[in-house]
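Colleague: Please see the structure below; I have some questions.
The values are calculated or read from the model by the stated rules, or taken from the named source; none is laboratory data. Model, not experiment: these values are computed from the prediction. With ideal geometry, Cβ positions are generated from the backbone for all residues, glycine too; neighbour counts draw on all protein chains shown. Only protein heavy atoms, including side chains, enter the accessible area calculation; ligands, DNA and RNA are left aside. Shrake-Rupley method; radii C 1.70, N 1.55, O 1.52, S 1.80 Å.
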Amino acid sequence: AWFLGRPLAAALADIERPWILDVATGTGRLPLTLLRQPEFDGQVFGLDPSTRMLGVAVEHLASYPGRAGLLLADAAPLPFADDRFEAVTCVEALEFFRDATAALHELVRVLQPGGWLLISHRVGWETFLMPGHTWSRAQLISTLRQLPLTDVSVRPWQTLYDLAWARKKST
């Protein structure tokens, strides 16, 4: 709640009933922490390629009928129209995608102009076990700045990750 739910709810506070997409939602941890925020009145859609993980997410989100939706799908290509969501998140998963750059393009594509992108990126010792699937902090910042994003901010988060925030440029 402290690092994800509260800050994301605060970033979306001026938007009535925002739609959020959580890519690689896994067990639904991010949707759950966001839905627990009293000031958040939106809907969260979790997407994941694992039926087992989504099964756990269904149980975790059962207390929020009509406010959480789950979809079995991959991150690239995303099965949504352009500019659909007020926020798109992807936490603790980017390094597992076949093509993280293509996935980032998809996350930004479905994000509305002015919307928030919130992602994590692995930086801990395990990056040595994932050659070609992680970037340095400088590479991540450079990659994000090559996309139609502004206000790019990357900070250490937990022990093994950086947390990146950015906004999609308005047209």
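Colleague: Restricting to segment 75-121, what's the tally of residues that are among the basic types (K, R) and in contact (Cβ under 8 Å) with a residue 40 or more places away in the chain?
Modeller: 1
Colleague: When residues of segment 149-171 are filtered for being out of contact with any helix residue (DSSP H, G or I) (no Cβ under 7 Å at 6 or more places or on another chain) and not polar (S, T, N, Q), how many remain?
Modeller: 9
Colleague: Which ones in segment 53-80 are among the hydroxyl-bearing types (S, T, Y) and either over 17 Å from I20 (Cα atoms) or open to solvent by 80 Å² or more (accessible area, probe 1.4 Å) (or both)?
Modeller: Hit for segment 53-80 is S63, nothing else.
Colleague: Condition first: under 14 Å from the mean Cα position of the chain (by Cα) and modelled with pLDDT under 95. Can you find one or more residues in segment 57-67 that meet it?
Modeller: Step one: of segment 57-67, the residues under 14 Å from the mean Cα position of the chain (by Cα) are none.
Checked against the condition, which is being under 14 Å from the mean Cα position of the chain (by Cα) and modelled with pLDDT under 95, segment 57-67 yields no hits at all.
Colleague: Can you tell me which residues in segment 1-52 are open to solvent by 50 Å² or more (accessible area, probe 1.4 Å), in a loop (DSSP other than H, G, I, E, B) and within 12 Å of E86 (Cα to Cα)?
Modeller: A13, D14, I15, E16, R17
Colleague: For segment 67-93, how many residues are of a type outside the set (D, E, K, R) and under 27 Å from R155 (Cα atoms)?
Modeller: Here the count works out to 10.
Colleague: Which of the residues belonging to segment 100-134 are under 26 Å from D83 (Cα atoms), open to solvent by less than 50 Å² (accessible area, probe 1.4 Å) and either at pLDDT below 90 or touching a helix residue (DSSP H, G or I) at 6+ places or on another chain (Cβ under 8 Å) (or both)?
Modeller: A100, A103, L104, W116, L117, L118, I119, S120, H121
Colleague: If R137 satisfies every condition in (1) surrounded by 14 or more Cβ atoms within 10 Å (Cβ to Cβ); (2) of a type in the set (D, E, K, R); (3) within 20 Å of D48 (Cα to Cα); (4) without any contact (Cβ under 8 Å) to a residue 40 or more places away in the chain but one, which is the exception?
Modeller: (3)
Colleague: Shifting gears a bit: Of everything in segment 153-163, what is aliphatic (A, V, I, L, M) and open to solvent by 30 Å² or more (accessible area, probe 1.4 Å)? Give them in sequence order.
Modeller: Matches in segment 153-163: L160 only.
Colleague: With the structure loaded, tell me whether E86 is within 13 Å of the chain's Cα centre (by Cα), closer than 22 Å to K168 by Cα, open to solvent by less than 60 Å² (accessible area, probe 1.4 Å) and at pLDDT below 95 or whether it fails that test.
Modeller: On the way: within 13 Å of the chain's Cα centre (by Cα): yes; closer than 22 Å to K168 by Cα: yes; open to solvent by less than 60 Å² (accessible area, probe 1.4 Å): yes; at pLDDT below 95: no.
No; evaluated as a whole, the condition is false for this residue.
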